1. Where in the range 28-144 are there strands (runs of 3 or more DSSP E), lying fully within it, with 1 or more residues that are modelled with pLDDT under 80 and out of contact with any Cys (no Cβ under 8 Å at 6 or more places or on another chain)?
2. Restricting attention to the range 207-254, and to residues there that are without any contact (Cβ under 8 Å) to a residue 40 or more places away in the chain and part of a loop (DSSP other than H, G, I, E, B), which single residue is surrounded by the fewest Cβ atoms within 10 Å (Cβ to Cβ)?
3. Taking the options F191, F176, name whichever one is closer than 28 Å to G38 by Cα, in contact (Cβ under 8 Å) with a residue 60 or more places away in the chain and open to solvent by 20 Å² or more (accessible area, probe 1.4 Å).
4. Which condition from (1) within 21 Å of the chain's Cα centre (by Cα); (2) at positive phi is the one that G231 breaks?
5. Between L284, L297, which is part of a loop (DSSP other than H, G, I, E, B), surrounded by 11 or more Cβ atoms within 10 Å (Cβ to Cβ) and modelled with pLDDT under 90?
6. Where residues in the range 75-92 are within 19 Å of the chain's Cα centre (by Cα) and more than 15 Å from L166 (Cβ to Cβ), which of them is surrounded by the most Cβ atoms within 10 Å (Cβ to Cβ)?
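The values are calculated or read from the model by the stated rules, or taken from the named source; none is laboratory data. Bear in mind that the values here come from a model prediction, so they are computed numbers and not experimental data. Reconstructed Cβ throughout: ideal geometry from the backbone, glycine too, with neighbour counts over all protein chains shown. The area values use the complete protein model at the heavy-atom level, side chains included, leaving out ligands, DNA and RNA. Shrake-Rupley method; radii C 1.70, N 1.55, O 1.52, S 1.80 Å.
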Amino acid sequence: MRVSGGTSGGTPSGGDGRDRSDPQTFKRGRQVGQIVRGRLLAPGPQGLFWVNLAGHKLLAALDHEPSPGRELVFRIERLEPELLLRDITPPPSAVDDPVLLLAALAETRSRFEALLHRGPDLFAAPIPPDPNAPGANAPLAPLAARKRLFDWLTSTPEAAGLYGRLRELLRLARPFLPTQVGRPVYLPWAFPGLDASEGLVTRSGRAFTLRLFGRLAEAGRVSGIFSLSMGRASYRLSLERPEAGERLVAALAAVRLGRRELAPVCVHLGPLAPAEAGGLFAPLIAGAARPFTGLRLRV
């Protein structure tokens, strides 16, 4: 979506008859990659539309079927020489229907991971590695893998757009999830080779809990509960292929957290129960939606 200042007919304007904003005003303090939300106001001249972006009223060319009053979500792709925004607004049906929201989330995540698999190895060892250094065979620290991912996103607009859409879909999922289960997250940097991940994060004081579901090539579908409190870490793990458990536990024992090497303790290792096989989001969203059968709720 390219954005411009308006000059004619149908202009939402201030009391002096001039437009209330222009792209140069909007660009001040903004940066590439930033997510901005706005609202469609009305049709404008020459096939353009008036939109309100963070309080700035601008003319825009939209790439989707407009619906006046609808919330729009954009990622800033470029600031110079002209302002360019990528529309990452989820389809209207994904906002209203939890089933279609889950489908949109799965489809977007699959497209993003297809690009990620062709991108950098987030857990590549430093070069040259020191085979005698402590923890030399450990996976790269998740925080370092996260930084490597975001560095890649800055140079890969298509992947950045999909990642921004994923985050927006997770935001839309929150009202469908019971409050006590935590905040939905997507963590492709949590562990090497983890695909199709779903996460729920809760905090209570200094205690931190992450429920994580995903797929690993060797272990199949994996469900885990990871707890961190007072410098101690533990986890419970359920695997579709339990025979891979010993190697996975050995790898998790060496995961680095920040600048410290934390050896989390496995308190449970077993087969994946049928109730766990569908992931985290679908059962919770389905359960939360049952009391509202026949109604469409807008978030």
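1. On the way: elements: 35-43, 49-53, 56-60, 71-78, 84-87.
Filter on the range 28-144 gives 49-53, 56-60, 71-78, 84-87.
2. That would be M230.
3. Working: F191 fails: closer than 28 Å to G38 by Cα.
When all the criteria are applied, what remains is F176.
4. (1)
5. L297
6. L85
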